[in-house]
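Since the structure comes first, as structure tokens, the remarks are kept for the end.
All of the numbers you see were taken from the coordinates with simple rules; none came from a lab. Everything numeric here is computed off the predicted structure, so don't read it as measured data. When we count neighbours, we look across all protein chains shown, and the Cβ atoms used for this are built from the backbone with ideal geometry, even at glycine.
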Amino acid sequence: MTFLELKKNLKERFSQAGFEAADLEAHYIVCEAAGIPDREFPLYAHEHLSSEVQARAESFAARRLKNEPWQYIFGHAPFRDLELAVGPGCLIPRPETEYSISLMLDGLPHGASVCELGVGSGAISLALASERPDLTVVGIELSPDALKWAELNLKKLALPNVTFLQGDLFSPVAGRKFDLIAANLPYIPEGDRDNLPPNVRGFEPDEALFGGADGLDVIVRALEQSPSFLNPVGRVFFELDPCNADRAFELASKYLNKPALLKDQYGSVRFLSAYK
């Protein structure tokens, strides 16, 4: 069987299973199983696959047909210029969060101190630190299962300007102040659970997804506490669900100054920025 024949076979099976991006999913699985960059697929399309590669692709496909996220299956996910290890217990980094990095870095002074709440895989902290080596970044994560992925990624990238700590919100950094507090905390209302794709609700950790009845339980606590941990001209930058962005804006107005809602690359209101 050739690369192309296997891709067509997987595409047909994914299409029958109702996958919207069946061709792309098949493409990624064949390339991952063969260990080739996806952009180089045309160079191999008509070459025959080894039995080992075919078996690996079949294993990947079987898991994907059970709705397991391909990032968990492969064990990694891209995030800006990084390739991060991910797996059960941590949230899979999203393109919207990638976009947020540029917004966070805009105007951030040289040598600034950053605190990220809820690091998950470490995506935000590691991207900020790798793109701005002058920054000092502290990331805090409550879940031990998620923190192990962040620590694994930090070890792999060997960034000297990042530290990860375990705890609830600001509890591990009492008395410290920061120029930027960044967070992608759980923000999905519990009532929206059944509306999520099965690869999300069935695999990614509830504690990283759901923020109570209105999705704002953890975010409210973070907004209340943030002023005590900001430098005089410090800024918070939180990712939100578009459905609760207006409510988050109202809450931020109680505790912080100059709140603003910002859009993601798709035009949805996705981020909250505010100052001490």
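3J(HN,Hα) along the range 2-14: 8, 3, 5, 5, 5, 4, 5, 5, 5, 4, 5, 5, 5 Hz, from the Karplus curve 6.51 cos²θ - 1.76 cosθ + 1.60 with θ = phi - 60°, whole Hz, x for Gly and Pro.
Computed over the alpha carbons of the range 19-113, Rg followed by Dmax gives 16.9, 54 Å. Of all DSSP-defined beta bridges confined to the range 76-275, some 40% are antiparallel rather than parallel. For the chain, the Kirkwood hydrodynamic radius from C-alpha pairs, put into Stokes-Einstein at 25 °C and a viscosity of 0.890 mPa s, yields a diffusion coefficient of 123 µm² per second.
State the Cα centre-to-centre distance between the range 238-263 and the range 154-197 in whole Å. Taking the Cα centre of each part, the range 238-263 and the range 154-197 sit 18 Å apart. Measuring spread by the Cα atoms of the range 44-190 yields a radius of gyration and Dmax of 17.6, 62 Å. Quick check: Cα centre of the range 69-92 to Cα centre of the range 118-148, how many Å? If you average the Cα positions of each part, the centres end up 14 Å apart. Per-residue ellipticity at 222 nm, computed for the chain from helices alone with -39500 (n - 2.57) per DSSP H run of at least four residues, works out to -11500 deg cm²/dmol. Along its three principal directions, the equivalent ellipsoid of the range 3-66 from the Cα gyration tensor extends over semi-axes of 18, 13, 10 Å, largest first. Counted by Cβ distance under 14 Å from Asp264, the other residues give a net charge of -1, where Lys and Arg count +1 and Asp and Glu count -1. The HN-Hα couplings worked out from phi for the range 192-201 by the Karplus form 6.51 cos²θ - 1.76 cosθ + 1.60 (θ = phi - 60°) are 8, 3, 6, 8, 7, x, x, 6, 8, 5 Hz, whole numbers, x standing for Gly and Pro. Overall form of the range 148-260: oblate. Here a/c, set by the Cα gyration tensor axes a ≥ b ≥ c, is 1.5 or more, and a/b is not larger than b/c. Using a cut-off of 28 Å between Cα atoms, the listed pairs Lys177/Lys254; Lys156/Lys276; Lys7/Lys66 include Lys156/Lys276 as exceeding that distance.
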